[in-house]
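Structure first, commentary second.
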Amino acid sequence: MQNISREKSEDDLPEGVLAVPLLRHQKMALAWMVSKENSSHCAGGILADDQGLGKTVSTIALIQKQRMEQSKFMFVDSDRLKSEALNLDEDDEGEQTVSNEPKKDQGACSLSTSAGTSAELFVNQPNNVVNKMVETKAERKKKAKVSTSSASTSRSMTRPAAGTLVVCPASVLKQWSNELTDKVSESAKLSVLVYHGGARTKDPRELAKYDVVVTTYTIVANEVPKQMADDDADQKNSEEPSASNKRKPSANMQNKAKKKKKKLKDSNFDLDSGPIARVRWFRVVLDEAQTIKNFRTVVARACCGLRAKRRWCLSGTPIQNAIDDLFSYFRFLKYDPYCTYNSFCTMIKHPIARDAINGYKKLQAVLKVVLLRRTKETVINGKPIINLPPKTINLNKVDFTQEERSFYLMLEERSRQQFKAFAAAGTLKQNYANILLMLLRLRQACDHPILVKGNQSEYGGDGSIEMAKKLPKEVVIDLLAKLEVGSTLCGLCNDTPEDAIVTICGHVFCYQCIHERITTDENMCPAPNCSRTLGLELLFSSGALKICISGKSSSAVASSSSDNESSSISQSSFVSSKIQAAIDILNSIIVMDPLTESYTMESSRSGLGPVKAIVFSQWTGMLDLLELSLNINCIQYRRLDGTMSLNLREKNVKDFNTDPEVRVMIMSLKAGNLGLNMVSACHVILLDLWWNPYAEDQAVDRAHRIGQTRPVTVSRLTVKDTVEDRILALQEEKRTMVNSAFGDDKAGGHATRLTVEDLRYLFRI
Ligand SMILES: [Zn+2]
Ligand SMILES: [Zn+2]
């Protein structure tokens, strides 16, 4: 998939529109995006550049470009404007499906007085002019039919025309609004509305006033009615194609059914839709579009329900699991004919299953039309597309102390015996979760012995104990059984859950993983085929559930358990070899680059501040331990993990990026840090290894990206002669495998499930 449809032509904006000049590959992206928006078939596409190549900037350039083109038409060439208006109407497929009648008025459109007036009214907002005119025309068309249409139709035709809607995870909402302001020069300012929070407007006309509205997937999922019926039909068709063919109704009946469905949908549309669904967007941009990769989820359906003339997906990792991921994008883009599941399967999925080589060739051709992807390694005319400072990756092999070693060996021996027992009984597969738990303990022992002991969490969502008390006892017992140690994996990270919690719908996750999900992205249960709405009060720890069964007063148990928790951690004054190694690195960085008077907030912002470091671990427990040592060493730090509120995260990122005194950011590998820009750091320390090597790459990319002015040093800490050696080897193997399967492209498969062979290797059996 690498470098698919690499465009050679470039486009640019006049000087002074953007605050920073476009890089060459961004000019190419702009040319490609402009040409896609002007094409009659599928106006939009997937910009799938690697993280850090500036997909946001390219998108802002596109918004500005089209805005300027239109203002030019306004004053210079009103004929072009007319034809443009017609084309826009054709591209709006939502509009087309309203009626199957041939367009009698095609080409007969002239600037009527009313259209002229509205154009004049909007002279200061050229972005809106074309939309306004289209709407006027559409209105006229509908007015002609108004006698036969229902009240809901006449209401829907008053949907105001709006500018660009950017949909992104809540964690990057702030970053988008900042970039929309910072990347544009004063004279070409865009009006931007962040549509988020309880106090947001309820008036669609308010949304229509802005050039750009930025919002989250959660809000789209809540405000846009899902397109349920269509997909279910698709689903049936694809599962039993022959049967459905036999039952095929006459064309006439089909048409009638279609019209009826459409009518139903329209009336639903206005009844339960929020402001965001009640405007006609000129352009919708889905950032981190992999959020909709599962086409069955509510959020994916809701995004498809947005009305827009231009549609874009931005994603550095478009394919995460399977070919099906692509279907969801195609459906959103209305990329005919691949936008119905039936034809997607017959034309793409099934051919690949039958004959991988030719199937993928066909897929590449299909993608070429709608997808542009460049990686950091991409070269244009022999030159790399971006000139990042070099990145050095060091593997730091740490030695255990004698005590740590004997603790580790004891644990390893026990695990191997257990593994052999499973193998002898032929139950390795059934015990997959158990085996991963044993591996987890070994991996944690490499970080700090105390992590191995603290297994059952008392974490739970806010108010979950109160909620659990209201549940029938059988339900509580059922839920508790799901949390039984080693019985299941986290549905989000596919690893043994840390601080496991079970949701009201019976799905198990790490507390951090699910907290992250429902506080930032969407409040629906992410388990496959479950879209139960979740709140923090519906997440139960085993501690909370046990309280309900034992009937002990919650306060007594909760306080005693949290006492134990904090005392065991505060007594864990033992500094493990790995933590010591990390502290040594941090100290040497700080000593070599002492804080001087010349370091100010401003110099930090411009990348000239003091040398800083990010430290990653996948366990919040390890971050807790690291904090103790940072405090003892008087190193100022901030923290980011999935259990924190968005506001606190934003504040911590800002402190780290701008406060010269704050030298270290400690971060969870599992926190949603997609898109976060932390180029003030030029050292990255990885405390532990993850199964998926690409998660590590993405972590490093927080610092190694455009804007980084210094060479970046990555230190991966591993302990000699432990399971970590073997994880390293497995990672390499996975990298090779993924590379060969996806043609050199790391956006390919993220298969994280370990095979029995992998497991044997890890246990040295
Ligand atoms: Zn997890
Ligand atoms: Zn669920």
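The values are calculated or read from the model by the stated rules, or taken from the named source; none is laboratory data. Remember, predicted model here, so these are calculated numbers, not experimental data. All Cβ positions, even for glycine, are placed from backbone atoms using ideal geometry, and neighbour counts span all protein chains on display. SASA here: full protein model, heavy atoms, side chains in, ligands and nucleic acids out. Shrake-Rupley method; radii C 1.70, N 1.55, O 1.52, S 1.80 Å.
Side notes on the structure shown:
- Taking amide H atoms as placed 1.01 Å from N in the peptide plane, the amide H of L539 lies under 5 Å from those of G461, each 5 or more residues away in sequence or on another chain.
- Proximity of backbone amide H atoms, modeled 1.01 Å from N, is registered between A161 and R280 at under 5 Å, excluding neighbours fewer than 5 places apart on the same chain.
- Subtracting the Cα-Cα distance of R532 and S550 from 0.36 nm times their residue separation leaves 3.7 nm of extension gain.
- Whole-Hz couplings from phi, Karplus 6.51/-1.76/1.60, listed for segment 431-437; x for Gly and Pro: 9, 3, 5, 4, 5, 4, 5
- Placing R0 at 51 angstrom, the Cβ-Cβ distance between A19 and T427 gives a FRET efficiency of 0.25 after rounding to 0.05.
- 12 Å beta-carbon shell around G506, net charge (K/R +1, D/E -1): +1
- Solvent exposure, largest accessible area first (probe 1.4 Å, DNA, RNA and ligands not counted), of K183, K209: K209, K183
- Shape call, segment 410-451: gyration tensor on alpha carbons, a/c limit 1.5: oblate
- Cut-off under 5 Å, modelled amide H: who pairs with I46 long-range: C313, L371, L372
- Within-12-Å neighbourhood charge of L676 [Cβ basis; K, R +1; D, E -1]: +2
- Extension gain from T201 to C634, taking 0.36 nm per residue of separation minus the Cα-Cα distance: 151.3 nm
- For the set T533, T427, solvent exposure ranked by accessible area (probe 1.4 Å, protein chains only) runs largest to smallest as T533, T427.
- Calculated FRET value between N387 and K209, using beta carbons and R₀ = 45 Å, to 0.05: 0.65
- Relative packing of 310-316, 14-20, which averages over residues the other C-beta atoms within 10 Å, highest first: 310-316, 14-20
- With 29 Å as the limit on Cα-Cα distance, the pairs of K65/K654; K293/K391; K189/K391; K8/K309; K202/K469 that go past it are K65/K654; K293/K391; K189/K391; K202/K469.
- Charged neighbours of V476, selected by a Cβ distance under 12 Å, balance to +3 (K, R count +1; D, E count -1).
- In Hz, Karplus ³J(HN,Hα) per residue of segment 337-351 (6.51, -1.76, 1.60; θ = phi - 60°; x = Gly, Pro): x, 7, 8, 10, 4, 4, 6, 4, 5, 5, 9, 10, 5, 5, x
- Length released on extending from I357 to E661, taking residue separation times 0.36 nm less the Cα-Cα span: 103.9 nm
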